[in-house]
Amino acid sequence: MAYEEYAKALKMGERAYRNAVSRGEYPYLPALDDLLEREQVQTETALGLVDIPLEQIVGTKTAGRKNAFAVNFMPLMPESSEFAMKWMNLLQYQMEDGVREPIVAYEFMNRFYVLEGNKRVSVFKYLNASSIEGTVTRVIPKRTQETENKIYFEFLDFYRNTKINYIWFSRTGSFAKLLAAVGKGPEDVWSQEERKEFSSSFAVFEKLFRDRGGEKLP
């Protein structure tokens with residue numbers, strides 16, 4: 001069964017690769033180290049163990065393993081490779097017992113890049129899991145006047161008291177509006193129960209939004 005599942009994952013990877021090439025886009029996983037060569041970094045900070053939304057894991061930390069995966073984190077190595085055997089064993093273990101070892105990742109601009117555990121992420125994404133635990137180091141850029149940079153620093157203020165990382169906005173001021181909408185001030189620390197209630201409400205909203213084609217709206 002694991003062999004058949006890997007064959008399906010490989011087809012998904014090959015399809016994503018071809019689609020990216022046809023659009024003139026980079027077909028492999030981006031590497032954070034390559035990205036940071038062009039960015040101004042202010043500092044790094046350890047976040048400890050974090051529940052990472054899988055859709056926000058977008059690449060690897062180093063360039064060494066990026067060509068083994070298509071841009072959607074599906075494998076590109078042939079079924080006969082050692083890589084494929086390890087992927088299949090990991091899938092089997094996840095389905096029977098559950099993989100509990102956290103990955104090691106870096107967060108930059110609320111996107112995550114894997115240092116250790118790329119195959120685990122690939123398997124979890126293949127199984128349509130929503131999140132994975134990881135030990136995370138945050139890379140904080142220097143402040144600029146770019147809109148996304150301003151939004152990120154607003155996110156850092158929001159995250160400090162909520163520990164919520166699965167929400168992102170395209171306009172400045174939106175995190176403050178969200179806090180006001182739920183009756184919270186910028187310095188209010190959220191309890192675990194409040195985080196759980198908010199997560200449940202957001203999950204319902206997200207499903208309805210996507211079911212109605214909300215991601216295609218302007």
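Bear in mind that the values in this text are calculations on the coordinates, not laboratory data. All values reported here derive from a predicted model rather than from experimental measurement. Cβ sites come from the backbone with ideal geometry, for glycine too, and all protein chains shown count toward neighbours.
For the pair LEU49/LEU208, report the inter-label distance in nm, with labels modelled 7 Å from Cα in the Cβ direction.
Distance between label points: 3.4 nm.
Where both partners of a DSSP beta bridge lie in the chain, what percent of those bridges are antiparallel, to the nearest 5? List each step's numbers first, then the result.
Working: 18 of 28 bridges.
The antiparallel fraction comes to roughly 65 percent.
Taking the Cα centre of each part, how many Å lie between the stretch 83-114 and the stretch 8-67?
14 Å
Given R₀ = 30 Å, what would the calculated FRET efficiency be for ARG38 paired with LYS216, taking r from the Cβ atoms and rounding to 0.05?
Numbers: r = 31 Å, r/R0 = 1.03.
That pair, ARG38 with LYS216, gives E of 0.45.
Mind checking the full-extension length gain between ARG100 and GLN56? Use 0.36 nm per residue of separation minus the Cα-Cα distance, one decimal, nm.
Numbers: separation 44, 0.36 × 44 = 15.84 nm, distance 1.95 nm.
Contour length minus Cα-Cα distance gives 13.9 nm.
Along the stretch 44-54, what does the Karplus equation 6.51 cos²θ - 1.76 cosθ + 1.60 (θ = phi - 60°) give for ³J(HN,Hα), rounded to whole Hz, x for Gly and Pro?
10, 9, 7, 9, x, 7, 10, 7, 9, x, 5
First measure r as the distance between the Cβ atoms of GLU82 and THR147, then evaluate 1/(1 + (r/R0)^6) with R0 = 35 Å and state the FRET efficiency to the nearest 0.05. Provide the component values of the computation, followed by the final result.
Working: r = 44 Å, r/R0 = 1.27.
Approximately 0.20, to the nearest 0.05.
In cubic angstrom, how much convex hull volume per residue do the alpha carbon atoms of the stretch 117-176 span? Please list the in-between numbers first.
Values: hull volume 7.3 nm³, N = 60.
For the stretch 117-176, the hull spanned by Cα atoms encloses 122 Å³ per residue.
For the chain, modelled as a GNM with alpha-carbon contacts under 10 angstrom, which of PHE202, PHE158, PHE175 fluctuates the most?
Taking springs between Cα atoms under 10 Å, the residue moving most is PHE202.
Before anything else, pin down the relative contact order of the chain: Cα pairs under 8 Å, at least 6 apart, normalised by residue count, whole percent. Numbers along the way, then the final one.
Numbers: 301 pairs, mean separation 46.0, N = 218.
Over the chain, the number comes to 21 percent.
Enumerate by residue number the GluC sites (Glu not before Pro) in the stretch 174-218 meeting two conditions: DSSP loop (anything except H, G, I, E, B), and at most 14 other Cβ atoms within 10 Å of the site's Cβ. Let's see the in-between values first.
Details: sites: GLU187, GLU193, GLU194, GLU197, GLU206, GLU215; in loops: GLU187.
Counting only loop positions with at most 14 other Cβ atoms within 10 Å, the GluC sites (Glu not before Pro) in the stretch 174-218 are GLU187.
Can you give the local net charge around SER199? Use residues other than it whose beta-carbon is closer than 11 angstrom to its beta-carbon, Lys and Arg +1, Asp and Glu -1. Could the numbers behind the result be given before it?
Working: positive: LYS163, ARG195, LYS196; negative: ASP51, GLU193, GLU194, GLU197, GLU206.
Cβ neighbours under 11 Å give a net charge of -2.
On a 0 to 90 degree scale, rounded to 10, what angle separates helix 2-22 from the longest Cα axis of the chain?
70 degrees
How far is it, in nm, from the label point at GLU133 to the one at LYS11 when both lie 7 Å from their Cα along the line to the Cβ?
It is 3.5 nm.
So what is Rg over Rh here for the stretch 1-140, counting just Cα atoms and using Kirkwood for Rh?
On the way: Rg = 14.9 Å, Rh = 15.4 Å.
Using Cα coordinates only, the ratio equals 0.97.
Reachable aspartates and glutamates from LYS142, Cα under 18 Å, same-chain residues fewer than 8 places away excluded?
ASP33, ASP34, GLU37, GLU39, GLU44, GLU107, GLU154, ASP157
When N is the residue count of the stretch 71-216, what does its C-alpha Rg come to as a fraction of 2.2 N^0.38 Å?
Numbers: Rg = 18.2 Å, N = 146, 2.2 N^0.38 = 14.6 Å.
Scaled against compact globular proteins, the figure is 1.25.
Give me the percent relative contact order of the stretch 107-211, please, defined on Cα pairs under 8 angstrom at least 6 residues apart. Don't skip to the answer; put the middle values down first.
Values: 53 pairs, mean separation 22.4, N = 105.
Result for the stretch 107-211 is 21 percent.
Excluding residues on the same chain fewer than 8 positions from LYS125, give the lysines whose Cα lies under 22 Å from its Cα.
Within the straight-line limit of under 22 Å, LYS125 reaches these lysines: LYS8, LYS11, LYS61, LYS66, LYS86, LYS207.
Mean separation of Cα pairs under 8 Å and 6+ residues apart, divided by the residue count of the stretch 1-130: what relative contact order is that in percent? Before the final figure, lay out each step's value.
Values: 172 pairs, mean separation 40.2, N = 130.
This gives 31 percent for the stretch 1-130.
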